[in-house]
1. If you roll a 1.4 Å probe over segment 168-236 with all protein chains in place, what percent of the accessible area is carbon or sulfur?
2. Go ahead and estimate [θ] at 222 nm for the chain from helices alone: -39,500 (n - 2.57) per DSSP H run with n ≥ 4, summed, over the residue count, rounded to 500.
3. Give a residue-ordered list of calculated ³J(HN,Hα) values for segment 158-166 (Karplus: 6.51 cos²θ - 1.76 cosθ + 1.60, θ = phi - 60°; whole Hz; x for Gly, Pro).
4. Could you give each residue of segment 19-32 its phi-based ³J(HN,Hα) in whole Hz, using Karplus coefficients 6.51, -1.76, 1.60 with θ = phi - 60°, and x for Gly or Pro?
5. Just the accessible area for Y37, please: 1.4 Å probe, Å², rounded to the nearest 10?
6. Collect residues whose amide H, placed 1.01 Å from N in the peptide plane, falls under 5 Å from the amide H of G281; neighbours closer than 5 in sequence don't count.
7. Just to check I understand the Karplus step: with θ = phi - 60° and J = 6.51 cos²θ - 1.76 cosθ + 1.60, what whole-Hz values come out for segment 389-400, glycine and proline as x?
8. Under 15 Å from the Cα of K344, which aspartates and glutamates turn up, not counting those fewer than eight places away in the same chain?
Amino acid sequence: MSIKAPRGTYDILPPESFNWHYMERVLTETAELYGYYEIRTPIFEHTELFTRGVGDTTDIVTKEMYSFTDKSERSLTLRPEATATCARALIEHSIYGGAMPVKWYYLGPMFRYDRPQTGRYRQFRQFGVEAFGSDSPYLDAEVIILLIDILNRLGLNNYELHLNSIGCPECRQIYRDKLVAHIRPQADKLCKDCQVRYSKNPLRVLDCKVESCHVAIAGYPYIKDYLCDSCKTHYETVKKVLKDNEVNFLHDDNLVRGLDYYTNTAFEIHIPDIGGQSAIGGGGRYNGLVKACGGPDVPGVGFALGLERILLALTKEKEVLADNSYADVFVIAVGEELEDMSTKLVSKLRKNNIKSDKDYAGRSLKAQMKFANRLGAKIAIIIGEDEINNNYFTVRNMNKGEQSQVANDNIIEHINNILANS
Ligand code: AMP
């Protein structure tokens with residue numbers, strides 16, 4: 001039996017990987033424009049980090065973690081997300097002692113034992129940012145503006161930004177009691193998951209996807225009517241800054257984050273066009289997280305984007321994302337006796353930063369030309385007997401079908417000229 005990649009995982013082969021490079025470049029370069037720099041952390045952490053930092057009532061912790069015991073009987077978990085990891089790193093390196101805010105981005109694989117389907121995997125990739133150490137609503141707005149800037153630069157258009165405020169632990173407790181009182185008479189009509197959520201984490205009943213739960217809780221109170229003055233001002237400022245910066249959003253009363261350390265701003269990006277898994281990312285403020293992970297009282301705000309879903313949306317909107325040529329120049333020489341010459345020429349091209357390749361399969365001239373086409377080469381350089389005897393190369397512009405003779409010494413300049421104008 002042949003061994004396949006585990007369920008819910010997949011390979012990214014060229015030229016698909018070209019699209020990933022393109023997307024990752026836009027993500028990281030845009031984040032750096034806003035002053036966010038990369039943090040790289042381990043792929044696995046102590047399981048306790050996620051039970052504390054993600055929350056032991058969440059689906060991630062209760063159902064989806066890849067946990068294992070190592071040879072020293074430690075419980076470790078493949079990271080299901082990276083915010084708790086960033087909080088752990090902030091505490092471990094005492095970074096909160098320096099200039100604030102600390103602004104990080106991360107990019108890499110996450111692992112969740114989810115039910116695989118389109119846009120949902122067991123190993124998937126996230127890009128996210130975290131800004132620690134400031135309570136300013138302008139920082140919430142910056143994080144959202146950065147997210148929208150990324151989507152625009154990638155060329156995505158049909159997204160919706162959903163926004164809400166979930167207040168602070170004080171005003172949320174008052175709201176939570178009202179919500180529980182509203183749901184209580186209907187509790188037996190809730191789905192199995194919501195029966196548990198209702199007692200442990202009632203806000204999460206609001207974003208349950210089961211239709212009958214929505215019907216059961218109809219007419220429920222909205223958190224926006226229970227925000228304290230300070231949380232109201234915070235939310236109003238975020239909305240004002242977004243409007244000032246021409247970021248469109250939809251206020252969404254159903255958008256909640258059930259855990260105590262989430263505070264104030266909550267947001268999600270949806271792309272309805274990509275079907276069932278329309279959420280491509282989300283984030284918010286989490287002023288209680290660093291403390292929950294065992295550190296000091298340091299506020300934070302951030303987001304995470306699911307890269308598979310972004311790519312799905314991008315490939316729906318555009319056929320070609322990135323330059324998908326394997327080589328700009330293909331050197332054609334037929335016969336073993338010319339192999340030294342073609343090797344020397346590709347070396348020279350590569351030393352001059354020209355993406356180039358040659359034949360290694362003993363193909364005929366025609367077959368090499370065909371192969372050059374398949375690689376997407378813009379130029380073919382042909383070396384034959386006559387070329388060697390008279391110190392020139394035949395250069396074929398593949399797009400225009402034009403061919404010319406170029407003296408050996410001028411080859412780099414000539415190729416650069418064609419590439420610059422192609
Ligand atoms: P979350 O950390 O759950 O807020 O997820 C943030 C984003 O990561 C989601 O909006 C998705 O785009 C993506 N995501 C979460 N889980 C998966 C998964 N199992 N497969 C693919 N993408 C995912």
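The values are calculated or read from the model by the stated rules, or taken from the named source; none is laboratory data. The shown structure was predicted, so the numbers you read here are calculated from the model rather than taken from an experiment. No Cβ is skipped: glycine too gets one built from the backbone with ideal geometry, and neighbour counts run over all protein chains shown. Please note that ligands, DNA and RNA were not included when accessible areas were found on the heavy atoms of the full protein model with its side chains. Shrake-Rupley method; radii C 1.70, N 1.55, O 1.52, S 1.80 Å.
1. 54 percent
2. Working: 15 runs with 154 residues, N = 422.
The per-residue figure over the chain is -11000 deg cm²/dmol.
3. Computed from phi, the couplings for segment 158-166 are 8, 9, 10, 9, 9, 9, 7, 10, 10 Hz.
4. In residue order, the calculated couplings are 5, 5, 4, 4, 4, 5, 5, 4, 4, 6, 5, 5, 4, 5 Hz.
5. Using a 1.4 Å probe on the heavy atoms, I get roughly 120 Å².
6. Residues meeting the amide H criterion: I269, G306.
7. Each residue of segment 389-400 in turn: 5, 10, 6, 9, 10, 8, 10, 10, 7, 5, 6, 8 Hz.
8. E336, D357, D359, E387, D409
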